[in-house]
Amino acid sequence: MQQRIRRQVIILLFGDVVSFVGALLIALTLRRGALPSEAIFAEHLAPFFALTILWVGVFFISGLYDRYTALVRQNIPD
């Protein structure tokens with residue numbers, strides 16, 4: 001059971017990191033008007049990775065990687 005939960009957290013974490021890297025690629029493409037070169041992408045990847053680690057930390061603290069989030073636990077009025 002613990003392995004299944006751990007695997008789900010890893011999948012969520014991987015999906016978030018891939019989404020953040022995709023967002024970086026989209027932002028650089030929109031800014032430059034064309035796909036960025038590998039050098040430009042690598043130049044922006046290091047600082048962006050630091051922000052990604054920060055955001056993932058915020059997500060963990062907020063409980064977004066828990067099996068049930070606080071939003072699901074509370075009753076939402078209709």
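Tell me the label-point distance for the pair R7, H44, using the 7 Å Cα-to-Cβ offset, in nm and rounded to one decimal.
3.6
At 1.4 Å probe size, with every protein chain present, just tell me what the per residue accessible area of the stretch 1-62 comes to in Å².
Result: 79 Å² per residue.
The values are calculated or read from the model by the stated rules, or taken from the named source; none is laboratory data. In this text, all values refer to a predicted model and were calculated from it rather than measured experimentally. Every residue, glycine among them, receives a Cβ derived from its backbone with ideal geometry; neighbour counts consider all protein chains shown. Only protein heavy atoms, including side chains, enter the accessible area calculation; ligands, DNA and RNA are left aside. Shrake-Rupley method; radii C 1.70, N 1.55, O 1.52, S 1.80 Å.
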